[in-house]
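S.K.: The structure follows.
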Amino acid sequence: MLYDIVIKDSWVVDGTGTPRFKADVGISGEKIVKIGEIPISKGDIVIDAKGAVVCPGFIDIHSHSDLSILVNPKAESKIMQGITTEVIGNCGFSPAPVKEPAEKELKRELEKYGLNLTWRTMKEYFKRIEENGTSVNVVPLVGFGTIRTCVMDYENRRPTKDELDEMKALTEQAMLDGAFGLSTGLIYVPDCYADTEEIVEVCKIVSQYGGIYASHIRGEGRTLIEAVKEAIEIGKRASISVEISHHKAAGVVNWGKVRETIKMIEEARKEGLDISFDVYPYTASHTSLEALLPPWVLEGGRERLEERLQNRDIRERVKYELENSINIVDNCIADSGWDRIVPVYLDSDKELEGKSLEEIAKSMGKDPYDVFFELILRNKNAQVIIHEMSEEDVITVMKHPLSMICTDSEALSLSDISRIGLTHPRGFGSFPRVLGVYVREKGVLALEEAIRKMTSMAAKKLGIPGRGVIKEGAYADIVIFDPQRIRDTATYENPYSYPVGIEYVIVNGKITVEKGKHKGTLNGKVLRKITQ
């Protein structure tokens, strides 16, 4: 038999957590068809992998490439770190379904990328990705916030029975279109306006189709314990598999709480709940600047927000609430401080990117709160990095058997610098950072365990057949890397930097990265959940 690709003399780490072994790998079409000894003469293309590790393509369980994949189908920042599959639709946002009044806010997001809205349903959105092409496989979730906005706009109240029924119907259609589950972003509007009961009712629909519930929980700081309790309650009441997104304890006063939350999660599993969590290997988060406001300030959408922040009395009320932790879910300002909050994307104030809010306020001779409010008013898409986690907590979460690895980032490229300003290094470095820093240098994880967290564990959680493992009959999503050289190079100061040590990336049987260079191959797919 002649194989399309033969990978010779590699150390195979198959993704299951079992010890590595020496073998050749033969690929025909989209699939791995042979693992064992294969003569060189049997390969149309032969890759010499002596001394290298061959493992399944990495699965980014928590990604935000929903829109960027349409302008950057090569997804360089992901594929260059070995990611062959991304889970999109996280933190309560998905680009579909689209109904008024959600359309207005979506168009604001699309404007950032220079995109036009050409879809309404999840099915039509998937078609847009496929027509555009993609280097990575895409696994979609549907966003609870998107569903709620379609029905209720940004209103802070419980839905009527008819509104809840409409939310359920939209969710069901998304599942029928191929979504793998539902996500929430419960610190963001409008998700934060929903109570537990509302989320449970929508999750029951997802559960009927075997989908998962992925949640940016209602608090990652002072209310972390209560937020994890809610995620567990939702899972139990809706009989649904739960994934806690980018699990962390945010703010110095909250460091160490992850030890308690992990115990809670372990107890829930003993009681029969399928619950796990993911983590990125950094001590800083990345979010929108307006997310640091009390939720009531954002009620009604962007126009109402701007009206409120131009009112001096409302500014004083917001300042009082932030200083006294009133109406705040995660008080990054009080728990972390102005010096730890760094704008990395500003629409109109590019010269201030990379400087902390404390630095900006001092240079302007202004109160930090006024700078905070003015930056939100002048920049509709302001993004910030917040240095708010401890290294010890990151390691605690990462080394636990229930954690998976994620980037929590959109797909970017080096040419994106002029368009989106700075970003978080996790978008370019998360997976090689785990392998270089936490496996090779610090010994936090064994190589086989780290690969399991990046591959088969996520595939099993999502219910993706034939992905996340190196075995005969599986899809040929493969990474070949040098275990002695692999490492991230992206930093907070220079986040746009590809990793080193990854030599080849194969997606659905086609070489996409060759000798460390992207070939421009677009052989990824939109994966759809098969519903009964």
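The values are calculated or read from the model by the stated rules, or taken from the named source; none is laboratory data. Values in this document were obtained by computation on a predicted structure and should not be read as measured data. Heads up, the Cβs are rebuilt from the backbone with ideal geometry, glycines too, and the neighbour counts pull from every protein chain shown. Calculation scope for accessible area: heavy atoms of the full protein, side chains included, ligands and nucleic acids excluded. Shrake-Rupley method; radii C 1.70, N 1.55, O 1.52, S 1.80 Å.
S.K.: Find, among the trypsin sites (Lys or Arg not before Pro) in region 455-532, those assigned to loop by DSSP (not H, G, I, E, B) with at most 12 other beta-carbon atoms within 10 angstrom.
M.R.: Working: sites: 460, 461, 467, 471, 485, 487, 510, 515, 517, 519, 525, 528, 529; in loops: 467, 471, 485, 515, 519, 525, 528, 529.
For trypsin sites (Lys or Arg not before Pro) across region 455-532 that sit outside H, G, I, E and B with at most 12 neighbouring Cβ atoms in 10 Å, the list reads 515.
S.K.: For residue 46, what residues show an amide H to amide H distance below 5 Å, using hydrogens built from the backbone and excluding near sequence neighbours?
M.R.: Excluding prolines and chain starts, which carry no amide H, the hits are 6.
S.K.: Would you mind checking which residues have amide H under 5 Å from residue 137's amide H? H placed 1.01 Å from N; only 5 or more apart, or other chain.
M.R.: 85, 86, 525
S.K.: Tell me, what is the FRET efficiency for residue 311 and residue 263 to the nearest 0.05, using R0 = 60 angstrom and their Cβ-Cβ distance as r?
M.R.: After rounding, the FRET efficiency stands at 0.85.
S.K.: If packing is taken as the average number of other Cβ atoms within 10 Å across a peptide's residues, how do 234-241, 104-111, 145-152 rank, most packed first?
M.R.: 145-152, 234-241, 104-111
S.K.: Given the peptides 20-26, 436-442, arrange them by the average over their residues of other C-beta atoms within 10 Å, most packed first. Spell out each step's value before the answer.
M.R.: Details: 20-26: 19.0, 436-442: 16.7.
Ranking the peptides 20-26, 436-442 by packing returns 20-26, 436-442.
S.K.: Still on this structure: Which residues does a label at residue 233 reach in region 206-222, if reach means a backbone N under 19 Å from a point 7 Å past the Cα toward the Cβ?
M.R.: Residues passing the 19 Å test: 213-222.
S.K.: I need the calculated FRET efficiency for the pair residue 204 and residue 472, taking r as the beta carbon distance and R₀ as 30 Å, to the nearest 0.05.
M.R.: 0.20
S.K.: For region 489-519, which GluC sites (Glu not before Pro) are both in a DSSP coil and crowded by at most 10 other Cβ atoms within 10 Å? Numbers along the way, then the final one.
M.R.: On the way: sites: 493, 503, 514; in loops: 493.
Qualifying residues, ordered by number: 493.
S.K.: Which shape class applies to region 181-271: rounded if a/c is under 1.5, otherwise prolate when a/b exceeds b/c and oblate if not, where a ≥ b ≥ c are the square roots of the Cα gyration tensor eigenvalues?
M.R.: It comes out oblate by the Cα gyration axes.
S.K.: If you average the C-alpha positions of region 54-71 and of region 208-234 separately, how far apart do those two centres end up, in angstrom?
M.R.: 23
S.K.: Rounded, prolate or oblate: pick one for region 325-377, where a ≥ b ≥ c are the square roots of the eigenvalues of its C-alpha gyration tensor, a/c under 1.5 means rounded, and failing that, prolate if a/b is larger than b/c, else oblate.
M.R.: prolate
S.K.: Taking the C-alpha atoms of region 384-532, how large are the radius of gyration and the largest Cα-Cα span, Dmax, in Å?
M.R.: In Å, with Rg to one decimal and Dmax whole: 16.2, 48.
S.K.: Return the sequence-ordered ³J(HN,Hα) values of region 21-32 in whole Hz as given by the Karplus equation 6.51 cos²θ - 1.76 cosθ + 1.60 applied to θ = phi - 60°, using x for Gly and Pro.
M.R.: Using θ = phi - 60°, the values come out as 8, 7, 6, 9, 10, x, 10, 10, x, 8, 10, 7 Hz.
S.K.: Under 21 Å between alpha carbons, and skipping anything fewer than 8 positions from residue 99 in its own chain: which lysines qualify?
M.R.: Hits, sequence-local ones excluded: 107, 112, 123, 127, 161, 168.
S.K.: If you don't mind, there's one more thing I want to ask. Answer rounded, prolate or oblate for the chain, using the Cα gyration tensor with square roots of eigenvalues a ≥ b ≥ c: rounded when a/c is under 1.5, else prolate when a/b is larger than b/c, else oblate. Write down the numbers at each step before the final one.
M.R.: On the way: a/c = 1.68, a/b = 1.49, b/c = 1.13.
Prolate is the answer for the chain, as a/c is 1.5 or above and a/b outweighs b/c.
S.K.: If you roll a 1.4 angstrom probe over the protein chains with everything in place, what fraction of the accessible area of the chain belongs to carbon and sulfur, to the nearest %?
M.R.: Values: 9280 of 19420 Å².
Percent of accessible area from carbon and sulfur atoms in the chain: 48.
S.K.: Give me the one-decimal nm value for the distance between modelled label points at residue 118 and residue 519, 7 Å along each residue's Cα-to-Cβ direction.
M.R.: 2.7
S.K.: For the pairs 74/104; 50/519; 22/50, flag any whose C-alpha to C-alpha distance is greater than 20 Å.
M.R.: From the list (74/104; 50/519; 22/50), the Cα-Cα distance tops 20 Å for 74/104; 50/519.
S.K.: Give the lysines reachable from residue 248 as a straight Cα distance under 16 Å; neighbours fewer than 8 places away on the same chain don't count.
M.R.: 229, 257, 263, 399
S.K.: Could you give me the ³J(HN,Hα) list for region 172-184, computed from phi with Karplus coefficients 6.51, -1.76, 1.60 and θ = phi - 60°, whole Hz, x at Gly and Pro?
M.R.: 4, 5, 4, 5, 5, 6, x, 5, 9, x, 10, 10, 10
S.K.: As a test of the formula, what do you get for the chain when each DSSP H run with n ≥ 4 contributes -39,500 (n - 2.57) and the sum is divided by the residue count, at 222 nm and rounded to the nearest 500 deg cm²/dmol?
M.R.: The helix-only estimate for the chain comes to -9500 deg cm²/dmol at 222 nm.
S.K.: For residue 325 and residue 353, what is the calculated FRET efficiency with R₀ set at 25 Å and r taken between the beta-carbons, to the nearest 0.05?
M.R.: 0.30
S.K.: What does the accessible area per residue of the chain come to in Å², with a 1.4 Å probe and no ligands, DNA or RNA counted?
M.R.: Using a 1.4 Å probe on heavy atoms only, each residue of the chain averages 37 Å².
S.K.: Mind listing the long-range amide H neighbours of residue 28? Cut-off is under 5 Å, sequence gap 5 or more, other chains count too, H placed in the peptide plane at 1.01 Å from N.
M.R.: It is 4, 33, by chain and number.
S.K.: For region 3-106, what percent of Cα pairs sit more than 17 Å apart?
M.R.: Tail fraction, whole percent: 65.
S.K.: A further question on this structure: I'd like the GluC sites (Glu not before Pro) in region 1-103 restricted to DSSP loop residues with at most 12 other Cβ atoms within 10 Å, sorted by number.
M.R.: 37
S.K.: For the chain, give the magnitude of the charge dipole about the Cα centre (Cβ charges: +1 Lys/Arg, -1 Asp/Glu; no others), in debye to the nearest 20.
M.R.: That gives a dipole near 1380 debye.
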